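Novice: Submitted below is the structure of interest, expressed as structure tokens.
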Amino acid sequence: MSNTYLFALTDGGGSVAPELGLARRLVERGHRVTVLAEDSMVPAVAATGAAFRPWRNGLNRPDNQPEHAPYREWELLVAAEADGVPFDVLMPNLYPLPAPGLPPFGPGLRPARGPAGRLRDRLVGAMSQRMWDGAALPGLNALRAAYCLEPMAHYQDQPHRARRELVMTSAEFDFPARLPANVRYVGPVLDEPVWAAEPWQPPAGDAPLVLVSMSSTFQNQAECLQRVADAVGSLSLRGLVTTGPVIDPGQLTAPPGVTVVSAVPHGEVLRHVSLVVTHGGHGTLARAFAAGVPVVVLAHGRDQADNAARVVHHGAGRSVSRAAKPAKIADAVRRVLDDPSYRRSAARLGAALRRDAADGRLIAEVEDLDPGQPQGRHAA
């Protein structure tokens, strides 16, 4: 049976390709799909075959350059809840909400050990909850009241009203925890962003090739990219630095042996790569591990410190400060390249990610509407 799906999306950089990857798969299966999104996403939506509709109420940005304003993500869920339309929340990264067993999200903490660790989690979690509730809960509850919905106790409770919270990674990558009953790990979508489809040839030579890939949105990463390029150039390696759509490659000076470009198709390039140096976005990590490639992470913000904590926990790479000097970055690169255990651990994670990406769990969850729910209308 053909269903009608509405995707309500914002241009979150690395989250766009996996979210629209699901939209494309639903279109290919004969469903009617409309994507409500920002003008910056028009080419990516067109490539899925879905219909595009622009945001008209303050969310729409022409691009994801830093001068354009952010958006209030959780408020997108309220209208569907008020209208009685079943909706799923797509989480194209780790599970980010408070849950027993998970360290508080944001600081990049490892799982708690012993009473001191559990006390740490309670204190940090309480401070984080107070911050979110103080900054955003009044506005969220005012919006809910306008739709005649009861108030939320905490700002981060809004996603729990979803039919499903679909975590688009493998449970093997995340830390174990006791999660709400509507949470499902559904595996990653490993699709490339449309802007990365550039012709590419491996750089000349036979030294190990290091791919450097930072955020596809602005995180003030140009200076960090330069330090990483200098670090790779100091090691007699082949380096390929991709700046993404918001940094001009001309801002960087390429040392000997290092090539700087705007974009390359990661799926193709990773077949030739020995190591990825990255900001730690989930999409870059998932594609690296799926290719069996270890990483060095210089986390910038968002979910990246938490991703880095899991990388280190699983032994699939090392983490250094985004402010690290070239010598420290070079040391981390050399340590990972010289120790085959990192590649073995990356390959173990990659096997789980490839398995979960291919098993159809994501599509099955989205298509499996409960008998008591309205059929043919669904929001994601």
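The values are calculated or read from the model by the stated rules, or taken from the named source; none is laboratory data. Because the structure is a prediction, the values reported are computed rather than measured. Neighbour counts are summed over all protein chains in view; Cβ atoms, including those assigned to glycine, are modelled from backbone coordinates with ideal geometry. Side chains included, ligands, DNA and RNA excluded: accessible areas come from the protein's heavy atoms. Shrake-Rupley method; radii C 1.70, N 1.55, O 1.52, S 1.80 Å.
Novice: I need the full set of residues from the stretch 102-141 which are in a helix (DSSP H, G or I), touching a helix residue (DSSP H, G or I) at 6+ places or on another chain (Cβ under 6 Å) and open to solvent by 30 Å² or more (accessible area, probe 1.4 Å), in order please.
Specialist: 132
Novice: Here is a further query. Please work out if residue 324 is surrounded by 22 or more Cβ atoms within 10 Å (Cβ to Cβ), modelled with pLDDT of 95 or more and either outside any helix (DSSP H, G or I) or within 20 Å of the chain's Cα centre (by Cα) (or both).
Specialist: When the stated conditions are applied, residue 324 does not pass them.
Novice: Looking at this structure, is residue 155 surrounded by 16 or more Cβ atoms within 10 Å (Cβ to Cβ) and closer than 20 Å to residue 88 by Cα?
Specialist: When the stated conditions are applied, residue 155 passes them.
Novice: To continue, here is another question. Go through the stretch 337-347 residue by residue and tally those that are under 23 Å from the mean Cα position of the chain (by Cα) and open to solvent by less than 70 Å² (accessible area, probe 1.4 Å).
Specialist: Adding up the residues that qualify gives 4.
Novice: Follow-up. Looking at (1) touching a Phe, Trp or Tyr at 6+ places or on another chain (Cβ under 9 Å); (2) at positive phi, which is the only condition residue 148 fails?
Specialist: Residue 148 satisfies all of (1) touching a Phe, Trp or Tyr at 6+ places or on another chain (Cβ under 9 Å); (2) at positive phi except (1).
Novice: Would you be able to tell me the number of residues in the stretch 291-315 that are surrounded by fewer than 24 Cβ atoms within 10 Å (Cβ to Cβ) and touching a helix residue (DSSP H, G or I) at 6+ places or on another chain (Cβ under 8 Å)?
Specialist: Summing the residues that are surrounded by fewer than 24 Cβ atoms within 10 Å (Cβ to Cβ) and touching a helix residue (DSSP H, G or I) at 6+ places or on another chain (Cβ under 8 Å) in the stretch 291-315 gives 7.
Novice: Here is a follow-up. If you take the residues in the stretch 27-76 that are at pLDDT below 70 and basic (Lys, Arg), which one is surrounded by the fewest Cβ atoms within 10 Å (Cβ to Cβ)?
Specialist: 72
Novice: Is there a residue being at pLDDT 90 or above and at positive phi anywhere in the stretch 174-194?
Specialist: For the stretch 174-194, residues at pLDDT 90 or above and at positive phi: present.
Novice: Mind listing whichever residues of the stretch 227-271 are open to solvent by less than 40 Å² (accessible area, probe 1.4 Å), in a loop (DSSP other than H, G, I, E, B) and under 28 Å from residue 191 (Cβ atoms)?
Specialist: 243, 244, 246, 247, 252, 263, 264, 265, listed by residue number.
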